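Everything on this sheet refers to the single structure shown next.
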Amino acid sequence: MEGRRLVIFRYREEERPSFLKKRSKKLLFAVADSTAEHSTKTILSQTGSNDLMDALTLFGLFAVSAMLVCYALESRSHWFVFLFALSCALGSIYGFLQGAWPFGGVEAVWSLVALRRWGLARR
């Protein structure tokens, strides 16, 4: 049927850690496909609350931002390599808390690799 829009929504109840004290619905996938007068939209994630960011999201933003800054400054001092390892560990904690265990596992490995590089750079 030309000119019709197809919209697919799937929500999932998500249990947050107890210190956040809230349940939210996450929009996992939404696609709107239509004619040329409407654009194609893909929404990957949207919380069901009015909060722009919750505490867990802010923690993750801090961890990933710290990783980026410390990685960029690694050549200046071996302490930035150590801070990169620390921020990778924070990113790993964030990954496990929000339920993305593959991300948490990879960040834990990166943290160990960076700690080893820090140990070698100190010599």
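Can you tell me how many residues within region 70-111 are aliphatic (A, V, I, L, M), closer than 18 Å to Phe59 by Cα and part of a helix (DSSP H, G or I)? Steps first, answer last, please.
Initially, region 70-111 is screened for residues aliphatic (A, V, I, L, M), giving 72-73, 81, 83, 85-86, 89-90, 93, 97, 100, 106, 108-109.
Narrowing the set further to residues that are closer than 18 Å to Phe59 by Cα leaves 83, 85-86, 89-90, 93, 97, 100, 106, 108.
In the following step, the residues that additionally are part of a helix (DSSP H, G or I) were identified as 83, 85-86, 89-90, 93, 97, 106, 108.
So the count comes out to 9.
If we keep just the residues of region 71-119 that are of a type in the set (A, V, I, L, M), under 20 Å from Met53 (Cα atoms) and in contact with a helix residue (DSSP H, G or I) (Cβ under 7 Å, 6 or more places away or on another chain), which is surrounded by the fewest Cβ atoms within 10 Å (Cβ to Cβ)?
Applying the first criterion (of a type in the set (A, V, I, L, M)) to region 71-119 yields 72-73, 81, 83, 85-86, 89-90, 93, 97, 100, 106, 108-109, 112-115.
Okay, now just the ones that are also under 20 Å from Met53 (Cα atoms), so 90, 93, 97, 100.
Now narrow it down to the ones that are in contact with a helix residue (DSSP H, G or I) (Cβ under 7 Å, 6 or more places away or on another chain): 90, 97.
Working: Leu90: 18, Leu97: 16.
The extreme case among them is Leu97.
Can you pull out every residue in region 60-70 that is buried (at least 18 other Cβ atoms within 10 Å of the Cβ) and among the β-branched types (Val, Ile, Thr)?
Filtering region 60-70 down to residues buried (at least 18 other Cβ atoms within 10 Å of the Cβ) leaves 60, 63, 67, 70.
Selection gives nothing.
Every residue in region 53-104 that is under 22 Å from Gly119 (Cα atoms) and of a type in the set (Ser, Thr, Tyr), please.
Within region 53-104, Tyr71, Ser75, Ser77, Ser87, Ser92 meet the criteria.
Values quoted throughout were computed directly from the atomic coordinates according to the rules given, and no laboratory measurement underlies them. Owing to the predicted nature of the structure, the values given are computational and were not obtained by experimental measurement. With ideal geometry, Cβ positions are generated from the backbone for all residues, glycine too; neighbour counts draw on all protein chains shown.
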